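Down below is the structure, laid out as structure tokens.
The values are calculated or read from the model by the stated rules, or taken from the named source; none is laboratory data. Predicted model only: the values in this text are computed from it and were never measured. Quick reminder, even Gly has a Cβ in these numbers, built from the backbone with ideal geometry, and neighbours come from all protein chains shown.
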Amino acid sequence: MTGRILIVDDVATNRIVMKVKLAAARYDVVLAASGEEAIEIALAGGIDIIIMDMMMPGMSGAETCRRLRETPAIATIPVILVTASDDVESRMDGLSAGADDFLSKPVDELALLARVRSLLRTRGEEQEFHARGGDMLEMARAAMPGLCEAGRQTGYDATPATSTGRIALIGGPGATWLPVQRDRLRPMFREAVKIMGRDVALAVSEDRAPDLFLVDADLAARNDGLRLMSELRSRPATRHAAFIVLLPKGDSERAATALDLGAADVSYHPFSADEIAMRIRTQLARKRRADRMRDTLESGLKMAMFDSLTGLHNRHYGLHQLDLVATRCRVQGIRAGLILMDIDHFKRVNDTYGHAAGDAALARVGQALKLGLRSEDVVARIGGEEFLAVLPDTDLPNVRLVAERLRSEIENMVIPLPDGTELRVTISLGAGLLQPADVAATDALTRVDRALYAAKDGGRNRIHLIET
């Protein structure tokens, strides 16, 4: 089974007909006869999509959808509302309640299955995010503002007050709806609503890329809009944008094609500005959730590679890079520099000034080391007050020069403390080369570790260089 779908309808015959259609497509189907029962089943977990009749006794489909959206545990389950009425007021009621789509009876099976596939893809991304520890990463992000932006909204949110995002309208030659809908939509959104040509859309930069494209399926020729959407979804600047494709009324076959090609939603000419605005808000809210999930996972990757205090790479990443450079040295017969550094008398700093001062010293030293090296060099904090620098493609005289520059920079650095006093620290350094003959990176690391101890034994604030 590829998805678990909850069908909600007070008429048993309708439930059975819908179940037959979905079960034939190999979906796992669960049935409910009321909105109250639907919420209870959803709260039990495991539901991927809800397909619900709009008109039910007691709690209507729209009201049930509102209740779902107000309940954090089930707020992001996609909802498709089904109704015998095709009037704008009914669609607006359903969409404003938070429904993802609105289908009219008799339900077109092709359109239904395409919409289910599209929503399952989105649902799958959210489930994968949670399965990969996204919730824990979000909490970690809030605690580590230096690595990520905290305070983003995490729940379902498609209200007019939060309708932010750049919107591009793309139509074919002579599309009279473009200026009319642009002018109607502009007051409803905080950011720009622009008419955009095909060539401009393809050339747009990432910092100016629209968050959502409203595009005709047919531009200069039939299906030009679908081809344009595919192009835009393949380009870095616009691959994460949302797309709503506009089709002639009743064109369910191409609606299915558009959804399978990656459209977030489809709508039909003629459309009202209020309805399309509601669909845009829904897709912008979904895009914000998707952006948040990507940002959170990216932050998790950073947290796995970086030391939060100094902003340098951490031990795991530093030693991994050392292994990669050592392999290059063996395979290509080249050399690389290796510098191991330790802050002198660091325990005395903590004991005298406190751990906050010690943290400030670590952070400033880390910053100075990073600024003192090339962009291709790797510098990592590999222990409490110990740092490692790997310098690819260099020779021993340059290693000596770099080590001395780092030592001098730290010696002359002044670290201001909150109480107005100033702290100074020094470092000892062991330095040498990765050799083509090294069987493993640990061979070179052992050599420079011994050199570091020699520098400390020699009086600290000095370099011990291994000449061979």
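Descriptive notes on the structure:
- Residue match in the stretch 395-410 (condition: among the hydroxyl-bearing types (Ser, Thr, Tyr) and in contact (Cβ under 8 Å) with a residue 12 or more places away in the chain): no
- The residues on offer are 264, 290, 277, 258, and the sole one that is closer than 21 Å to residue 230 by Cα, over 21 Å from the mean Cα position of the chain (by Cα) and of a type outside the set (Val, Ile, Thr) is 258.
- Restricting 74, 51, 47 to residues that are closer than 14 Å to residue 112 by Cβ, buried (at least 19 other Cβ atoms within 10 Å of the Cβ) and not acidic (Asp, Glu) narrows the list to 51.
- Residue match in the stretch 331-344 (condition: in a helix (DSSP H, G or I) and either among the aromatic types (Phe, Trp, Tyr) or over 21 Å from residue 435 (Cβ atoms) (or both)): no
- All positions within the stretch 401-452 that are over 41 Å from the mean Cα position of the chain (by Cα), at pLDDT below 95 and crowded, with 17+ Cβ neighbours inside 10 Å: 447
- Meets criteria (surrounded by 15 or more Cβ atoms within 10 Å (Cβ to Cβ), assigned to a loop (DSSP other than H, G, I, E, B) and in contact (Cβ under 8 Å) with a residue 60 or more places away in the chain) for residue 290: no
- Within the stretch 36-45, the presence of a residue that is at negative phi and either assigned to a loop (DSSP other than H, G, I, E, B) or in contact (Cβ under 8 Å) with a residue 60 or more places away in the chain (or both) is excluded.
Yes or no, residue by residue, for (1) surrounded by fewer than 20 Cβ atoms within 10 Å (Cβ to Cβ); (2) at pLDDT below 85; (3) of a type in the set (D, E, K, R); (4) at positive phi:
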position	(1), (2), (3), (4)
275	yes, no, yes, no
286	no, no, yes, no
297	yes, yes, no, no
315	yes, no, yes, no
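- Meets criteria (closer than 23 Å to residue 316 by Cβ and modelled with pLDDT under 95) for residue 359: yes
- Applying the condition of being part of a helix (DSSP H, G or I) and in contact (Cβ under 8 Å) with a residue 12 or more places away in the chain to the stretch 15-35 and asking which residue is nearest to the chain's Cα centre (by Cα) yields 22.
- Selection status of residue 354, surrounded by fewer than 21 Cβ atoms within 10 Å (Cβ to Cβ), within 31 Å of the chain's Cα centre (by Cα) and either under 22 Å from residue 458 (Cβ atoms) or free of Cβ contacts under 8 Å to residues at least 12 places away in the same chain (or both): no
- Matching residues, the stretch 419-450, being assigned to a helix (DSSP H, G or I) and not acidic (Asp, Glu): 441, 442, 444, 445, 446, 447, 448, 450
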